[in-house]
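Here is the structure we will look at, set down as structure tokens.
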Amino acid sequence: MTELPVLVSESSGVGRLVLNRPKAINALNDEMVDLMAAALRRWRDDDSVRAVVLSGAGERGLCAGGDIVSIHRDAKALVESGAGDEEAAACPSAVFWREEYQLNSEIAKFPKPYVALMDGIVMGGGVGVSAHANTRVVTDRTRLAMPETGIGFVPDVGGTHLLSQITDNIGVYLGLTAGSINGADAVALGIADHYIPAADLDAFVTAIEATSVDEALARFTQTPPPSELDAQRGWIREAFAADTVAGIIDRCAAVGTEAADKAAATLRAKSPTTLAVTLRALRNPLPTLDDSLHREYRVSLRCVRSHDMAEGIRAQVIDKDRNPGWDPAEIDAVTAADVDAFFAPLPDDLELTIVGD
């Protein structure tokens, strides 16, 4: 019998969710989201379950995101057919996003300790199932990122909500450049709560089962090493304060350091439209995670039927030529109206609905 893509179990009052697609770095699919949601809904009202622990199978990471190949298939078909919002909302990727964003919301509201072991690669959808948890544990192996702008997409799964709360424009920097951070960075920036060496994770979970989450954290949490990204706050705060992507690139170039030059080069290579839409979202944060997910769904639908998402995935994942042909190709060619279109309301029957508690 083929193993399920999420292993669901209970032991000593602790519910275990193990993402179980290690060859794909546990990338999320519809079945995984359904299995997680069903378990959490059962456990939230089960008095015999006092805590939940999320982890990933294999040695490479918790979760590398979603199924990019299937998203490319939808995007390519929608672009070739000239589809609108209604057709986009009916595609498999949109159905997945509706279920995934609902799960993100339920994780954030889960009433018991939900311990996310953010070990190894934690990207995109992996951030969505972990960084909204009430107990977020990173390790010496953590590599966390919202890499969406690298494929002509915009941070989703509540990513705009998380990034907009990081001070000194570091969230803007990470959202635009799609840069990855380590465990020490994540704690310093407030994206994670506790730092535990990867070698101690099994013993940590055993301690949760034997005692409690608080006692296990007290025993195994360590002070993280200094954050290298935190040390760069000064130039990032100033350079990424510009009102436009072009202005940010100019400010990065003016800084003149290796890190700032790299940031400028990274931005020049990305989809101008994607960057402008991401900047708009991060500069205009919404009050709650659910509000952000609602807006992100609108943006995601517009992305999946846009030229740049189909082209970005083609260049990075399908053909791997790393040479996307963006349209428009120049940052100055992206108009305010172009950006507005990504955020425009959908027909009422197409809008994302977050089911209440």
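One residue stands out in segment 116-133 among those that are assigned to a loop (DSSP other than H, G, I, E, B) and of a type in the set (A, V, I, L, M, F, W, C): the one that is nearest to Asp30 (Cα to Cα), namely Val129.
Can you tell me which residue within segment 215-231, out of those that are assigned to a helix (DSSP H, G or I) and touching a residue at least 40 places away in the same chain (Cβ under 8 Å), is surrounded by the most Cβ atoms within 10 Å (Cβ to Cβ)? Per the criteria, the residue is Leu217.
For segment 144-185, the set of residues classified as among the aliphatic types (A, V, I, L, M) and either more than 21 Å from Pro324 (Cβ to Cβ) or surrounded by fewer than 24 Cβ atoms within 10 Å (Cβ to Cβ) (or both) consists of Leu144, Ala145, Val157, Leu162, Leu163, Ile166, Ile170, Val172, Ala178, Ile181, Ala184, listed by residue number.
Per-residue answers, yes or no, for (1) at pLDDT 95 or above; (2) more than 28 Å from Gly234 (Cα to Cα); (3) touching a strand residue (DSSP E or B) at 6+ places or on another chain (Cβ under 7 Å); (4) surrounded by fewer than 20 Cβ atoms within 10 Å (Cβ to Cβ):
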site	(1), (2), (3), (4)
Gly256	no, no, no, yes
Asp261	yes, no, no, yes
Lys270	yes, no, no, no
Pro285	yes, no, no, yes
His294	yes, yes, no, yes
Ser300	yes, yes, no, no
Cys303	yes, yes, no, no
Asp319	yes, yes, no, yes
Pro328	yes, yes, no, yes
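Of the listed requirements (1) under 22 Å from Arg280 (Cα atoms); (2) surrounded by fewer than 24 Cβ atoms within 10 Å (Cβ to Cβ), Val127 misses just one: (2). Residues in segment 156-187 that are hydroxyl-bearing (Ser, Thr, Tyr) and assigned to a loop (DSSP other than H, G, I, E, B): Thr167, Ser180.
The set of residues from segment 272-294 being among the polar types (S, T, N, Q), over 17 Å from the mean Cα position of the chain (by Cα) and under 23 Å from Gly325 (Cα atoms) comprises just one member, Thr273. The condition (being modelled with pLDDT of 95 or more, of a type in the set (D, E, K, R) and assigned to a loop (DSSP other than H, G, I, E, B)) is satisfied by just one residue among Arg141, Arg136: Arg141. For the condition crowded, with 18+ Cβ neighbours inside 10 Å and either free of Cβ contacts under 8 Å to residues at least 40 places away in the same chain or touching a His at 6+ places or on another chain (Cβ under 9 Å) (or both), Ile313 qualifies.
The values are calculated or read from the model by the stated rules, or taken from the named source; none is laboratory data. Here the structure is a predicted model, which is why all the values come from computation and not from measurement. Here Cβ is always computed from backbone atoms with ideal geometry, including for glycine, and neighbour counts include all displayed protein chains.
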